[in-house]
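Only the coordinates and a few stated rules stand behind these numbers; no lab work does. The model shown is predicted, which means the values in this text are computed figures rather than measured ones. Cβ placement follows ideal geometry from the backbone for every residue including glycine, while neighbour counts extend to all protein chains displayed.
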Amino acid sequence: MAAKDGPKLVLYSYWQSSCSWRVRFALNLKGISYEYKAVNLLKGEQFTPEFEKLNPLHFVPVLVDGDVVISDSYAILMYLEEKYPHTPLLPADPQHKALNLQVASIVSSSIQPLHMLLTSKYLEEKVGPQERLLFAQTNVEKGFHALEKLLKDIVGKYATGDEVYMADVLMAPQIAVATERFKIDISKFPTLSRIYESLKALPEFLAASPERQPDAVK
Ligand SMILES: N[C@@H](CCC(=O)N[C@@H](CS)C(=O)NCC(=O)O)C(=O)O
């Protein structure tokens, strides 16, 4: 389905970016088609003057919806939720809604920034590749312990019950990156493992996966 009453949405994305993956997953869940614009982070395309106009922080993802330009995946998801409310990313129940927002915040503020490209490059230069990896692994595991504790009594098929919500949208790419890039043993986190098993079978998640993007390097 295309976005109603307006031009097609444009997503600036990089295939391996977990923040972009969140937005691709959410767009797929909502059935919104979009144009994909690749920003090659390894070639430094996030620093071009054209991209800087979209996001002075030089990060993907950026969503363009007509005149509206939004960077930051969290803000993009909230925008999509308001403008395209079908297939909601947040439950109506206030407690479950708060839990989804809390999980989303933990992933986007307390896990991903500690292993992102910018942080990794800096640490690798200052303290070396081994320390960089250890720093990422320690902080991903710390975040996963918190998520495990938060969700263990509420988990259903997905993070906060039997519907896919915002918590899942952020957790699934984060778990994929943790296991594949940082070799985290997800079996140490039984609740997260269980959620991930359900999520990784979803066609909307698979279609959003790095390998399936037009800029994927095979
Ligand atoms: N809080 C931002 C973080 C965005 C972010 O960290 N993007 C990464 C890719 S996941 C990026 O563009 N990194 C480029 C760099 O580090 O130079 C969001 O959720 O969108």
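To two decimal places, what compactness ratio does segment 53-124 give when its Cα radius of gyration is scaled by 2.2 N^0.38 Å?
Rg over 2.2 N^0.38 Å, computed on Cα atoms: 1.31.
Which ³J(HN,Hα) values, rounded to whole Hz and listed in residue order, are derived for segment 168-182 from phi using the Karplus coefficients 6.51, -1.76 and 1.60 in 6.51 cos²θ - 1.76 cosθ + 1.60 with θ = phi - 60°, glycine and proline given as x?
3J(HN,Hα) across segment 168-182, in whole Hz: 5, 4, 7, 5, 4, x, 5, 5, 4, 5, 4, 6, 7, 7, 10.
Which shape class applies to the chain: rounded if a/c is under 1.5, otherwise prolate when a/b exceeds b/c and oblate if not, where a ≥ b ≥ c are the square roots of the Cα gyration tensor eigenvalues?
oblate
Classify segment 6-54: rounded, prolate or oblate, from the alpha-carbon gyration tensor (a ≥ b ≥ c, eigenvalue square roots; a/c under 1.5 rounded; otherwise prolate if a/b is larger than b/c)?
oblate
Would you please classify the overall shape of segment 94-205 from the alpha carbon gyration tensor, given that a ≥ b ≥ c denote the square roots of the eigenvalues, rounded means a/c under 1.5, and beyond that prolate means a/b larger than b/c while oblate covers the rest?
Prolate, since a/c reaches 1.5 and a/b exceeds b/c.
Kindly write out, for segment 45-59 in residue order, the coupling ³J(HN,Hα) from the Karplus curve 6.51 cos²θ - 1.76 cosθ + 1.60 (θ = phi - 60°), rounded to whole Hz, with x marking Gly and Pro.
5, 6, 9, 5, x, 5, 6, 4, 5, 7, 8, x, 7, 6, 10
Find the lysine pairs in segment 94-205 meeting two conditions, Cα atoms under 20 Å apart and a separation of 8 or more places or different chains, and report how many there are.
15
What is the Cα convex hull volume of segment 9-88 when expressed per residue in Å³?
81
How much length, in nm to one decimal, is gained on full extension between LYS152 and GLU131, taken as 0.36 nm per residue of separation minus their Cα-Cα distance?
Gain on extension, LYS152 to GLU131, equals 4.5 nm.
Would you work out which of SER187, VAL155, SER198 lies farthest towards the positive end of the dipole of segment 123-218, given +1 charges on the beta-carbon of Lys and Arg and -1 on that of Asp and Glu, about the Cα centre?
Positive-end residue among those listed: SER187.
If you plug each phi of segment 63-78 into the Karplus form 6.51 cos²θ - 1.76 cosθ + 1.60 with θ = phi - 60°, what whole-Hz ³J(HN,Hα) values come out, in order, with x for Gly and Pro?
Couplings: 10, 10, 10, x, 7, 8, 10, 10, 10, 5, 4, 4, 5, 4, 5, 5 Hz.
Can you return the aspartates and glutamates within cross-link range of LYS43? Criterion is Cα-Cα under 13 Å, with same-chain partners fewer than 8 residues away left out.
Candidates past the 8-residue exclusion: ASP215.
Evaluate E = 1/(1 + (r/R0)^6) for SER33 and LYS83, where r is the Cβ-Cβ distance and R0 equals 22 Å; express this FRET efficiency to the nearest 0.05.
E(calc), rounded to 0.05, equals 0.90.
Among the aspartates and glutamates, which fall within straight-line cross-link reach of LYS83, defined as a Cα-Cα distance under 19 Å, with same-chain neighbours fewer than 8 residues apart omitted?
Of all the aspartates and glutamates, those that pass the test against LYS83 - Cα under 19 Å, at least 8 places apart if same chain - are ASP5, GLU35, ASP65, ASP67, ASP72.
Sort 168-179, 26-37 by packing, meaning the average of other beta carbons within 10 Å per residue, with the highest value first.
Taking the mean over residues of other Cβ atoms within 10 Å, the ranking is 168-179, 26-37.
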